[in-house]
Amino acid sequence: YTYEDASPHANIPFDRPEDSLRAGFDAIYGQYHIFHEFAKASELIKYVESQLNMSYNVDKGKRLIGSFSTHDDISPMYHGKTDYCNLTSGLQVTLPMLNPYIVDGFQSGDYYAYPYEEKENLVKSQTDSDTMTVHHGQLDIFNLSRKPGGKNPEIGEFMTECLKFKDKYADIINKGSFIELDKSGDKTDQIIAYARHYQGRTLLVVANKNINRPISAKIKVPSLKENQELKNLLPSYGGQSKLQVEHNALRVDLAPARIHVYEIDTPFIENYTDKVYKQH
């Protein structure tokens, strides 16, 4: 950042990643660590598009780190527990320019709540204080602490399947275009909808950013056929979503914090929209 601010969100207009990328860095953190602060799904979409457009100002192949949770952020469990964690895993493996980034403890739902917080250290301290200070909710890197842990191994199981999916569809995800999909009926702007396309193959991604309630919408998917079979490529979790295929559209009623990915037969989808973005 050009200057430090109390709110990371307030820093977005002053963020200068191009300077770092031109200086030789291969990747930047970006702003995914404040995804939970985005009030609307469109904020995420516009941020992705801004990074893709920015890529043309730097050398080819520059990336972002999938920093939906870093050691400087509180555990995503505080933002929506297991379902929210799974949502971020699904986004990390389908968004463009992104290298997944996992902090130890995420895979089991660790809250990073240490029982020794603010207590006196009874052994010889390696610092100038005998009080064990931690950043509540964050991975403790300051004390000789316990190993990261948690009670939700299903997060790691879902994350593993997501990473397998990313390997299987590596060409589409790493080389494909990013297509913003129009929607209607989503008054609170909570449905995330985009397609990834490469050499005639298309992945359709739909997700509900709202962690508290189902959200319905009609998503415009150019050249989608009424008889398209939908097979979710990511494991099921949380509440049950409802989807109905129509000509050039998909009606969805998505459960809280659910993400779904489908391969659809739309080889010429890029010809029917002007919202196609590609990485340099």
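The values are calculated or read from the model by the stated rules, or taken from the named source; none is laboratory data. Because the structure is a prediction, the values reported are computed rather than measured. Cβ atoms come from the backbone with ideal geometry, glycine included; neighbour counts cover every protein chain shown. Side chains are part of the model used for accessible areas, which takes the heavy atoms of the whole protein and leaves out ligands, DNA and RNA. Shrake-Rupley method; radii C 1.70, N 1.55, O 1.52, S 1.80 Å.
When you scan the stretch 147-168, do you find a residue that is of a type in the set (Phe, Trp, Tyr) and open to solvent by less than 80 Å² (accessible area, probe 1.4 Å), even just one? Within the stretch 147-168, one or more residues are of a type in the set (Phe, Trp, Tyr) and open to solvent by less than 80 Å² (accessible area, probe 1.4 Å).
Every listed requirement among (1) over 30 Å from residue 272 (Cα atoms); (2) crowded, with 16+ Cβ neighbours inside 10 Å is met by residue 177 save one, (1). For residues in the stretch 238-268 being within 15 Å of residue 202 (Cα to Cα), in contact with a strand residue (DSSP E or B) (Cβ under 9 Å, 6 or more places away or on another chain) and outside any strand (DSSP E or B), which is most open to solvent (accessible area, probe 1.4 Å)? Selected residue: 265. In this entry, residue 84 is excluded by the filter for residues that are open to solvent by 70 Å² or more (accessible area, probe 1.4 Å), touching a residue at least 40 places away in the same chain (Cβ under 8 Å), within 24 Å of residue 33 (Cα to Cα) and not in a loop (DSSP other than H, G, I, E, B).
From the list 219, 211, pick out the single residue that is more than 23 Å from residue 266 (Cβ to Cβ) and hydrophobic (A, V, I, L, M, F, W, C). Before you say what the answer is, go through the steps one by one.
Numbers: 219 fails: more than 23 Å from residue 266 (Cβ to Cβ).
So the residue among 219, 211 that is more than 23 Å from residue 266 (Cβ to Cβ) and hydrophobic (A, V, I, L, M, F, W, C) is 211.
For residue 143, the test of being open to solvent by 30 Å² or more (accessible area, probe 1.4 Å), touching a Cys at 6+ places or on another chain (Cβ under 9 Å) and either without any contact (Cβ under 8 Å) to a residue 60 or more places away in the chain or not in a strand (DSSP E or B) (or both) is failed. Could you check, for the stretch 160-169, whether at least one of its residues is part of a loop (DSSP other than H, G, I, E, B) and on the phi < 0 side of the Ramachandran plot? Looking through the stretch 160-169, at least one residue is part of a loop (DSSP other than H, G, I, E, B) and on the phi < 0 side of the Ramachandran plot.
Considering the stretch 47-67, and only residues there that are within 24 Å of residue 106 (Cα to Cα) and open to solvent by less than 10 Å² (accessible area, probe 1.4 Å), the residue that is modelled with the highest pLDDT turns out to be 48.
Any residue at all in the stretch 123-138 that's of a type outside the set (A, V, I, L, M, F, W, C) and either closer than 26 Å to residue 203 by Cα or touching a helix residue (DSSP H, G or I) at 6+ places or on another chain (Cβ under 9 Å) (or both)?
So in the stretch 123-138, the residues of a type outside the set (A, V, I, L, M, F, W, C) come out as 124-131, 133, 135-138.
Pick out the ones that are also either closer than 26 Å to residue 203 by Cα or touching a helix residue (DSSP H, G or I) at 6+ places or on another chain (Cβ under 9 Å) (or both) and you get 137.
Yes: the stretch 123-138 contains one or more residues that are of a type outside the set (A, V, I, L, M, F, W, C) and either closer than 26 Å to residue 203 by Cα or touching a helix residue (DSSP H, G or I) at 6+ places or on another chain (Cβ under 9 Å) (or both).
Scan 187, 168 and give me the residue that is over 17 Å from residue 89 (Cβ atoms), without any contact (Cβ under 8 Å) to a residue 12 or more places away in the chain and more than 18 Å from the chain's Cα centre (by Cα).
The match here is 187.
Looking for whichever is in a loop (DSSP other than H, G, I, E, B) and either open to solvent by 40 Å² or more (accessible area, probe 1.4 Å) or aromatic (Phe, Trp, Tyr) (or both) here; the options are 127, 94. Which one fits?
Within the list 127, 94, the selection yields 127.
For the stretch 210-269, filtering for residues that are of a type outside the set (Phe, Trp, Tyr) and closer than 30 Å to residue 153 by Cβ leaves 30. Across the stretch 97-115, the number of residues qualifying as assigned to a loop (DSSP other than H, G, I, E, B) and open to solvent by 40 Å² or more (accessible area, probe 1.4 Å) comes to 6.
Restricting the stretch 196-211 to residues that are in contact (Cβ under 8 Å) with a residue 40 or more places away in the chain and part of a loop (DSSP other than H, G, I, E, B) leaves a set whose member that is surrounded by the fewest Cβ atoms within 10 Å (Cβ to Cβ) is 200. Looking at the stretch 37-46, which of the residues that are modelled with pLDDT of 95 or more and in a helix (DSSP H, G or I) is nearest to the chain's Cα centre (by Cα)? Residue satisfying both the conditions and the ranking: 44.
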